[in-house]
1. Can you spot the aspartates and glutamates whose alpha carbon is less than 19 Å from Lys205's alpha carbon? Ignore those fewer than 8 places along the same chain.
2. Under the Karplus relation 6.51 cos²θ - 1.76 cosθ + 1.60, θ = phi - 60°, what is the ordered set of whole-Hz ³J(HN,Hα) values for segment 404-417, x standing for Gly and Pro?
3. Taking the mean number of other Cβ atoms within 10 Å as a proxy for protection, how do you rank 66-74, 191-199, 150-158 from highest to lowest?
4. Could you tell me the relative contact order of the chain? Use alpha-carbon pairs under 8 Å, at least six residues apart, and round to a whole percent.
5. Mind checking the dipole of segment 229-380: about its Cα centre, +1 per Lys or Arg Cβ, -1 per Asp or Glu Cβ, Debye to the nearest 20?
6. What Cys residues in the chain have no fellow cysteine's beta-carbon under 4.7 angstrom?
7. By the gyration tensor of its Cα atoms, with a ≥ b ≥ c the square roots of the eigenvalues, what is the shape of segment 231-290: rounded for a/c under 1.5, prolate for a/b over b/c, or oblate?
8. Using unit Cβ charges (K, R positive; D, E negative) and no other charged atoms, how large, in debye to the nearest 20, is the dipole of the chain about its Cα centre?
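Readers should treat all values here as calculations from the given coordinates under stated rules, not as data from a laboratory. Because the structure is a prediction, the values reported are computed rather than measured. Cβ atoms come from the backbone with ideal geometry, glycine included; neighbour counts cover every protein chain shown.
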Amino acid sequence: MLSFSKWIRDPLYGFVGLTETEVKLLDTPPLQRLRRIKQLANAHLVYPSAMHTRFEHSLGVMHIAGRMAEQLQFSDDDVRAVRYAGLLHDVGHGPFSHVFEAALHDICGKLINHEEITRLIIRNESTIWDALGPANNDVIDLFAENGERIQNQLISGNLDADKIDYLRRDSYHTGVVYGNFDLERILHTIHKKDDGTRSYLTLYKKGVDALENFRLARFLMHAQVYHHHTRAAADKMFQRAMEIAIRDNVISKEFLDPITPDFLKNYLSLDDARMLQMLLKNPGSNAHILVSAIENRQLFKRGYEIEVTHIPDPILRMKIAQMKKEQYKILEEVLAEDCHCDKDFIMADIHNIENSLYKSSNESILSDKTPFLIEENDGSLHEIEEFSTLLPTKDPRLIFYVFCPKEYRAHVKDRVEEIIRDNI
């Protein structure tokens, strides 16, 4: 049994208990930094109350991971390790969370993600490593990219503590109902199925309706909140500001290069406010113009928007779906020349709204991921499709945008398809 030394009040779960080790982890600078990083980046420009942080989400993930581990009758040591991993799972996020991660890819030309940075921080930040003590290697193992143990599935899987918390927490703070589902039913019906050397997270058949509710909640939150077109415009403006700041040497590229010795020190010095300060350093840079526009909610508009699967012309549909980074730049430059507009202010973007509703169990298996498994009373396992009325499709929603200042909307709308046909 865990012994809690402190309690924190949470709007979703009431009082969340903390062990002495968890208090020490919370008091480390990398964890406290998460107080200054909003969970949903620019979503507050659409949903003003979406000001919650990665810090409170991390507490929620720790709590849910612990409840799942206890329901599955883990040993006390495994329960502790899973809770520690839940608390630390987002410590590698940069300012503006996933938006910054995408910008980092473009700047560095490397596919580095926050999970990889999380592992670097745990290994290299002495405050965290010392607080974890003898549990440090167990926690690192829970962040393994191809972890096959059921403990790993609680941290990163189809039905993990992260998704369970962020769907409900994001729904609560945005004021929408899409992310609500029957949490208690899911926690009551999860089960551990042992098969030889490996264990699987399953759900008893009586929990299928709650699982369907969870899957639908995830789809709706992605469609209505996470990929809302206004947030998409603000996020793209931020990413473009980052690109410009590097290009104009407002921010040194080496400052954010993962291969430099000071990368972690520089990375952990950043939060939402400090990142904006850096981007605003040079009033003569377009990065300053874009960030100022975001801060004052003077956002670019949708000059062009189309759901790619709905394009009747198969050639145009194929060209848009297969566009590469350099082709985006060609489109933006030609449009800017047509509009007599600065090319920094024309932004083409594509949103691939993927979700478990769109993926079959077979696709999960081929991606080395465990699908949703339903367990009958006799112990036999079945895939969710055998019970689901939410039929999977291989076609996720693919939405193509061109954002621009509002005065150029009409011209952009008229010219996009012609330019793609002629130049891409």
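1. Candidates past the 8-residue exclusion: Asp160, Asp182, Glu184, Asp194, Asp195, Glu375, Glu376, Asp378, Glu383, Glu385, Glu386.
2. For segment 404-417, the Karplus curve yields 7, x, 4, 5, 9, 4, 5, 5, 4, 4, 6, 9, 4, 5 Hz.
3. Numbers: 66-74: 19.1, 191-199: 11.4, 150-158: 22.6.
The peptides rank, most packed first, as 150-158, 66-74, 191-199.
4. Working: 658 pairs, mean separation 64.7, N = 424.
Worked out over the chain, it gives 15 percent.
5. Details: 19 positive and 26 negative charges, 100 e Å.
Using only the charged Cβ atoms, the result is roughly 480 debye.
6. If one checks each Cβ against the other cysteines of the chain, Cys108, Cys404 turn up with nothing under 4.7 Å.
7. Numbers: a/c = 1.87, a/b = 1.53, b/c = 1.22.
Note, shape of segment 231-290 comes out prolate.
8. Values: 52 positive and 65 negative charges, 207 e Å.
Around 1000 debye, computed over the chain.
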